[in-house]
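Nothing in this text is a laboratory measurement; each read-out follows from the coordinates by a stated rule. The structure displayed is predicted, hence computed values, not measured ones. Don't worry about glycine lacking a Cβ; one is built from the backbone with ideal geometry, like all the others, and counts go over all protein chains shown.
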Amino acid sequence: MQADLKKQQEILLEILKAIIDVCKNNGITYYCQAGTVLGAVRHKGFIPWDNDADIIIPNDQIDHFVECARKQLPEKYFVDYFKGDDASFRLFPRVGLRHVKTKALHVDVFRLIGLPDEREKQLAMIEEAKAYTKENKQIRAPMYKMLLKGKFRYLYERLTDKKKYDKCFDELCNRYPYKEAKYVMNPSGKYGAKNIFEKEIYGKGQSVPFEDTEVIVPSELDFYLKQYYGDYMKFPPQEEIDRLMAKVVEI
């Protein structure tokens, strides 16, 4: 089937609600992340031209979340994550529709990790996380693409080095205990140093409307959104909105 933007958002909302139910039922802390927070504040739901939903969970609770989600999510969903699944190349949990290969219909569950106090060490951890993510992306490329391009070195890495990247990235995420950290970040975020916040910015979180439900977002909303987006109430150019709203995915 084909899914237009409205249908994609309907499916994503169902997945998001199922994830939130798992968190609520098991005492797991979560916050909506980045563009999902922007949508909640600016549009009371999805950004109208966006087919994305993200949350973030403190790193010391992420394994518990995965364990609970794999047992308690409805059967039509699955958790793609390297821990407990040797076939997965995902360095953070992703919840999607079982047997659906499209990259569009999933909710990413990012890891909120602890950081050192020193700015230089924080920036160094960002670069280290980028390196592991880049290598992981190369070895999880489809096998046929590697064969067509003749990248036999990556074929070898795919067979031998996956666990190395998993272990290195996990060590990075656990280097500074979350509970003791003053600063935190999303090591898989695309915003570089903008991913770094004082933990109190997330705080206990606050509940805000999102479509027909309520979600938890960081406590210091204005600071959080300004760090990511600057003038976060400003819309992108209309031609960009039109292009995104016309996007259809194959399921």
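Laid out as a table, the results:
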quantity: Tally, over region 86-130, of residues that are under 22 Å from Lys164 (Cα atoms), under 18 Å from the mean Cα position of the chain (by Cα) and assigned to a loop (DSSP other than H, G, I, E, B); calculated: 6
quantity: Conditions (1) in contact with an Asp or Glu (Cβ under 8 Å, 6 or more places away or on another chain); (2) farther than 23 Å from Gly203 by Cβ: number failed by Ile55; calculated: (2)
quantity: Of the criteria (1) touching a Phe, Trp or Tyr at 6+ places or on another chain (Cβ under 6 Å); (2) crowded, with 17+ Cβ neighbours inside 10 Å, which one Ile15 fails; calculated: (1)
quantity: Per-region count, region 187-211, residues outside any helix (DSSP H, G or I), in contact (Cβ under 8 Å) with a residue 40 or more places away in the chain and farther than 17 Å from Ile28 by Cβ; calculated: 9
quantity: Hits in region 1-50 - residues which are under 22 Å from Met233 (Cα atoms) and among the hydroxyl-bearing types (Ser, Thr, Tyr); calculated: Tyr31, Thr36
quantity: Residue that is among the charged types (D, E, K, R) and within 16 Å of Arg94 (Cβ to Cβ), where the choices are Asp21, Asp52, Asp4; calculated: Asp52
quantity: Only one of Tyr77, Tyr30 that is out of contact with any Pro (no Cβ under 9 Å at 6 or more places or on another chain) and of a type in the set (Ser, Thr, Tyr); calculated: Tyr77
quantity: Tally, over region 185-199, of residues that are surrounded by 14 or more Cβ atoms within 10 Å (Cβ to Cβ) and over 16 Å from Val109 (Cα atoms); calculated: 6
quantity: Checking Asp166 against (1) part of a loop (DSSP other than H, G, I, E, B); (2) closer than 21 Å to Gly84 by Cα, the condition it does not meet; calculated: (1)
